[in-house]
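Just below is one structure, and these are the notes that go with it.
The values are calculated or read from the model by the stated rules, or taken from the named source; none is laboratory data. Given the structure is predicted, the values throughout are model-derived calculations rather than measurements. Neighbour counts are summed over all protein chains in view; Cβ atoms, including those assigned to glycine, are modelled from backbone coordinates with ideal geometry. We work out accessible area using only protein heavy atoms, side chains counted, and drop any ligands, DNA or RNA first. Shrake-Rupley method; radii C 1.70, N 1.55, O 1.52, S 1.80 Å.
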Amino acid sequence: MSKREIYEAKTEKLLLPIAEANHVEIYDIEYVKEGSDWYLRAYIDKQGGVTINDCEAVSRALSDALDQEDFVEDAYILEVSSPGLGRLLKKDKHFAGSLMEKVEVKTYRPVLGSKEFEGILKAFDEKTITLLLEDGEKELVFARSDVAAVRLAFNP
C-alpha cells in the first residue's frame, strides 16, 4: 500500500465512530498534494445534506483523533466537507447510489472522437460503466480503466 492509501485507510478507521456519533456517513477520504501543501480531506454526507455545523463537529473530533494518533508524517491541512453537487463517483457504493442519474464521464483518450460524455448511468460492474446517451437510444460501454473521472452532472 502507498503512503496515501495507508493514511486514507487509517483516517477512515478513526472517522467511522465520529461519523456515526454525528449521524453522517463517510463519502470519501483523500490525501493529496496540491502545490506545496498536503491536504487530508474527509467528505461526509447524510440524507438531506450536511450542514456547516455537521462539518465543524466532525472536523473538531477528527482533528483531535488525528493529533492523538499522529500517524501522518507530513504537515497537512485537514478539510471536512460535503462531496458537493457534482460529486465524483469513485467507489461502487457511489455508482450504486447514482444509477439512473445524469453523469459526466471523462476518458483518458478519445472515444468516438471525444473525451467527454454526458448521459444516464445505466449500469456498472468491476470492469465497465454503461452510459445511456442524451438521445435515450444509444448506449456506450466504457472500460473502467479508460475512464479518468465520473461525476454527477450539475444540471440533472
Expected single match for touching a strand residue (DSSP E or B) at 6+ places or on another chain (Cβ under 9 Å) and within 25 Å of GLY97 (Cβ to Cβ) among ILE44, ILE52 is ILE44
Selection from the range 25-40 of residues out of contact with any Phe, Trp or Tyr (no Cβ under 6 Å at 6 or more places or on another chain), closer than 20 Å to ASP92 by Cβ and either buried (at least 16 other Cβ atoms within 10 Å of the Cβ) or of a type outside the set (D, E, K, R) (or both) yields ILE26, ILE29, GLU30
Of GLU30, GLU25, the only residue that is touching a residue at least 12 places away in the same chain (Cβ under 8 Å), under 24 Å from LYS106 (Cα atoms) and of a type in the set (D, E, K, R) is GLU30
Here the residues within the range 68-110 that are buried (at least 17 other Cβ atoms within 10 Å of the Cβ) and more than 19 Å from the chain's Cα centre (by Cα) are VAL72, TYR76
By residue number, the members of the range 118-135 that are in contact (Cβ under 8 Å) with a residue 12 or more places away in the chain and either open to solvent by 30 Å² or more (accessible area, probe 1.4 Å) or not in a strand (DSSP E or B) (or both) are GLU118, ILE120, LYS122, ALA123, PHE124, GLU126, LYS127, THR128, LEU132, LEU133, GLU134
Flagged in the range 74-95 as part of a strand (DSSP E or B) and touching a Leu at 6+ places or on another chain (Cβ under 8 Å), in numbering order, are TYR76, ILE77, LEU78, GLU79, VAL80
Checklist entry - Are any of the residues in the range 26-38 in contact with a helix residue (DSSP H, G or I) (Cβ under 9 Å, 6 or more places away or on another chain), closer than 30 Å to GLU139 by Cβ and not in a helix (DSSP H, G or I)? => result yes
Across the range 136-156, the tally of residues that are without any contact (Cβ under 8 Å) to a residue 40 or more places away in the chain, in contact with a strand residue (DSSP E or B) (Cβ under 9 Å, 6 or more places away or on another chain) and open to solvent by 80 Å² or more (accessible area, probe 1.4 Å) stands at 4
Output for Cβ contacts, cut-off 8 Å, separation at least six or different chains, first residue in contact (Cβ under 8 Å) with a residue 24 or more places away in the chain in the range 40-57, second basic (Lys, Arg), reads TYR43/ARG87; ASP54/LYS46
**Item:** So ILE29, is it of a type in the set (Val, Ile, Thr), out of contact with any strand residue (DSSP E or B) (no Cβ under 9 Å at 6 or more places or on another chain) and modelled with pLDDT of 95 or more
**Value:** no
Pairs returned, first residue in the range 68-86 that is on the phi < 0 side of the Ramachandran plot, second residue that is loosely packed, with under 12 Cβ neighbours inside 10 Å and part of a strand (DSSP E or B), beta-carbon separation under 9 angstrom, 6 or more apart or interchain, are ASP74/LYS33; ALA75/ASP37; TYR76/ASP37; ILE77/ASP37
